[in-house]
Amino acid sequence: MTQVLRIAVVPGDGIGPEVIAQAEAALRAVAETAGRTLALTGFDWGAERYLKTGVTLPEGALDMLRQDFDAILLGAMGDPRVPDNRHAADILLGMRFQLDLYVNYRPVRLFHERLCPLKGARPQDVDFVVFRENTEGLYVMMGGNFKKGTPDEVATEIDLNTRRGVERIIRHAYAFARAAGRKRVVMADKSNVLIHAHELWLRVFKEVAAEHPELESRHLYVDNLALQLVRDPSQFDVIVTSNMFGDIVTDLAAGLQGGLGMAASGNIHPGKLSLFEPVHGSSPPLAGKDKANPMGAILTAGLMLEHLGWTEEARRMEDAVRWAVENERTTVDVGGTLGTRAVGEAVVQRLRG
């Protein structure tokens, strides 16, 4: 019996619907040419629906997603008409936390040297993976204000780290390194200053590293990691770090591969329903202008197929994007002249060819 992959698609806000449409077209093309079956079901969760109904994530949505779908493909979230971005927090962070998507998976690959701002950097020099802990740290939004709005105001934010949460993301990084044939794992923290929370990270890292003598394990303070990524990215295979530091470091890493428009991302709980999203943001000024780069969304869709076991189809999608970059079938942000739809059509044509 032919396996049917059931994908929930949430296009989101701003440029989200435009780039996700191109990702959907690429998914359909790669499935059809492989003789596979893919069912894409759209949901209109986003700012437009929230402004009309006051509903962010509908009641029962997460249970429905768990029962009926194999993965979620999410577009960008964020709209200036919702100043506090409540809908985005409820939908995106709601799914991350309530589905316990503790692995943020960010592959960083350079498809052509002209996309990298580093002098002399080649594609083989920028090829690593960042794993960011995705459900703890400063993103739990614990804290508060005292005497708010006065000259004596005090604001606190709690950096929450659990032994379970730290250990499972570090173990995931090592498991990935072994399965992917990677040789080096780096853990980045700030344990010289965050002497409680990040001492936990360092201690757990040393324990897990000792179980893997076949791999080169290295600890870096996160500020040194940022320096080393710019100085020589070729020294990295797998990086694992905390929620806040991972958020920052992955944007720096995206700059090495051509910008956020080229960056793919997965929010994963191994063996359970997971969510995949390009990370470039909703970019309201570009919405509706056919200028947004759809490659990050297409690569994210490929990442989703890889996670779901369609490894050959995932490889073909990445190869099609690489071909488009090499042949300058790209948007302006990465040196091309095409619009969003034309880039998507070029990738689809390559997949069907």
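Every read-out reported here was derived from the displayed coordinates using simple, explicitly stated rules and does not represent laboratory data. Since we're looking at a predicted model, the values are computed, not measured. So basically every Cβ, Gly included, is an ideal-geometry build from the backbone, and we count neighbours across all protein chains shown.
Average projection, convex hull of the Cα set of region 117-257: 10.1 square nanometres.
With the simple model of a label 7 Å out from the Cα in the direction of the Cβ, residue 155 to residue 235 spans 3.5 nm. Model label points for residue 122 and residue 147, set 7 angstrom from Cα along the Cα-to-Cβ axis, are 6.1 nm apart.
DSSP bridge analysis restricted to the chain gives an antiparallel fraction near 40%, rounded to the nearest 5. Stretching the chain fully between residue 183 and residue 290 yields a gain of 34.4 nm (0.36 nm per residue, less the alpha carbon separation).
In straight-distance terms, cross-link reach from residue 119 covers every one of the lysines whose alpha-carbon lies under 26 Å from its own, apart from those fewer than eight places away in the same chain; here that gives 183. Placing +1 on the Cβ of every Lys and Arg and -1 on the Cβ of every Asp and Glu, with nothing else charged, gives region 117-257 a dipole about its Cα centre of roughly 300 debye. Convex hull of alpha carbon positions in the chain: directionally averaged projected area 19.5 nm². For region 117-257, the antiparallel share of DSSP beta bridges with both residues in that region comes to about 25%. GNM on the chain, alpha-carbon springs under 10 angstrom: the most fluctuating residue among 46, 281, 309 is 309.
Subtracting the Cα-Cα distance of residue 67 and residue 162 from 0.36 nm times their residue separation leaves 31.3 nm of extension gain. The magnitude of the dipole of region 2-51, with charges of +1 and -1 set on the Cβ of Lys/Arg and Asp/Glu and taken from the Cα centre, is near 260 debye.
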